[in-house]
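Throughout, read-outs are computed from the coordinates displayed, never taken from laboratory work. Predicted model only: the values in this text are computed from it and were never measured. As a convention, Cβ positions derive from the backbone with ideal geometry for all residues, glycine included, and neighbour counts pool all protein chains shown.
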Ligand code: SAH
Ligand code: SF4
């Protein structure tokens, strides 16, 4: 790993309501400090416990048979193995699974397991709901109900491995479930490092991807403190359009965001992924494609075009396939590496951007630019909404 080891103050480590330490929320350095300095155990116990958690995926301390009985009893009293509980598993016809989890708080979150020919991807959540209010996103309609702890994030991976081990290792993790991961960096960054830890789950740093709507200071922090890869949801090519579709743009407009991407530290051969949800007549013209080429000058990146998944109540529509293809062809002609994401699992509402249920108190809808009102069949606004400073 390149990023320095994470060692948070002991009082910042995740605990349950009874004060028990949630072990899957600790980096290896933090587990070592607790076991050795607080419990007076010998250092080799750290590796033993780490392996039970992330190689054997046990669900209780009783199963950790190479620990002394005394230590196991102490651990039962002071710590917990599982941080979340399986609520339900849904299977889509293409093999995709949506797993819903129950948190101690009673809230329900989701992960999506996507097996394909050469990889198994798990899409995980970082928050309950999301505060960013992107206009095309179902999770955005929930508003933010809470941040997940490091343990609640890591345990989505550990327990999914436990359940689906027979179907092959999870090779890729994407933070593209519910929530804006960089709105919860204190928990997400340690979680990325636990997933990448070579003595445990051992995911390649190239295969753990944090996707963000564009929180610039936290993008910088991710670059310094985590080995994970970065994906950014671009979704629009002008500030006017992005201010509407993704209100976070009012705080960090395109020029500021792209500057942060140019400065993002990359290892040899690594690239940032730019995600672009294709919305019919909103952001899918060749002028948009042209503007992308300009925006990404000097940003080592690839572009992933995502077909919009419609959900109830949305005013947006999926771009026709020909338009997505034409968009890709144009980008490719300008030497931009461009892929089109295959839509998976939509018969069970498990596709990306469909996670969650709208809340009773929905965040307010943003006023679209005047030119968009006609396209979407909305009443024309009297003027564009003001920018935030
Ligand atoms: N908050 C983060 C990660 C979760 S959203 C982010 O915004 O990047 C994961 C991806 O799903 C983002 O690229 C987002 O733009 C996209 N998305 C959201 N709603 C969608 C929808 N209805 N159809 C297709 N993609 C969607
Ligand atoms: Fe949040 Fe991402 Fe949805 Fe925007 S697209 S509301 S940042 S989850």
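Relative to the longest principal axis of the chain, what angle (0 to 90°, nearest 10) does the C-alpha long axis of helix 216-225 take?
30
Quick one: among 76, 112, 128, which has the greatest mean-square fluctuation in a GNM of the chain with alpha-carbon springs under 10 angstrom?
76
If you fit an axis through the alpha-carbon atoms of helix 150-164 and take the longest principal axis of the Cα set of the chain, what angle between them do you get, 0 to 90°, nearest 10?
Once rounded, one gets 80 degrees.
Percent relative contact order of region 10-80, based on C-alpha pairs within less than 8 angstrom and at least six residues apart?
32
For residue 66 and residue 286 in one chain, what is 0.36 nm times their gap in residues minus the Cα-Cα distance, to one decimal in nm?
73.0 nm
Relative to the first principal axis of the alpha-carbon coordinates of the chain, what is the inclination of helix 69-78, with its axis defined by its Cα atoms, in degrees from 0 to 90 and to the nearest 10?
Relative to the chain, helix 69-78 is tipped by roughly 40 degrees.
Tell me, what are the semi-axes, in whole angstrom and largest first, of the equivalent ellipsoid of region 1-100 as set by the roots of 5 times the Cα gyration tensor eigenvalues?
Semi-axis lengths for region 1-100 are 27, 17, 15 Å.
Where the centre of each part is set by its Cα atoms, how far does region 37-81 sit from region 223-259, in angstrom?
42
Pop a pseudo-label 7 angstrom from the Cα along the beta-carbon direction at both residue 339 and residue 256 and give the gap in nm to one decimal.
3.1
Compare 372, 142, 178 in a GNM of the chain, Cα atoms joined below 10 Å, and give the one with the largest fluctuation.
372
What nm value, rounded to one decimal, do you get for the distance between residue 297 and residue 312 when each label is placed 7 Å out toward the C-beta?
Label-label distance for residue 297 and residue 312, simple model: 4.8 nm.
Using 0.36 nm per residue, how much length does the chain from residue 85 to residue 186 gain when fully extended, once their Cα-Cα distance is taken away?
The residue 85-residue 186 span can extend by a further 34.1 nm.
Using alpha carbons only, what's the Rg to Rh ratio of the chain with Rh from Kirkwood?
A ratio of 0.99.
Given the Cα-Cα distance of residue 102 and residue 74 and 0.36 nm per residue of separation, how much length would full extension add, in nm?
That pair, residue 102 and residue 74, stretches by 7.5 nm at full extension.
Choose one answer from 61, 164, 175: the residue with the largest mean-square fluctuation in a GNM of the chain with alpha-carbon springs under 10 Å.
Comparing 61, 164, 175 in a Gaussian network model of the chain, the most mobile one is 164.
So how far apart, in nm, are the two label points at residue 376 and residue 18 if each is 7 Å from Cα heading toward Cβ?
4.9
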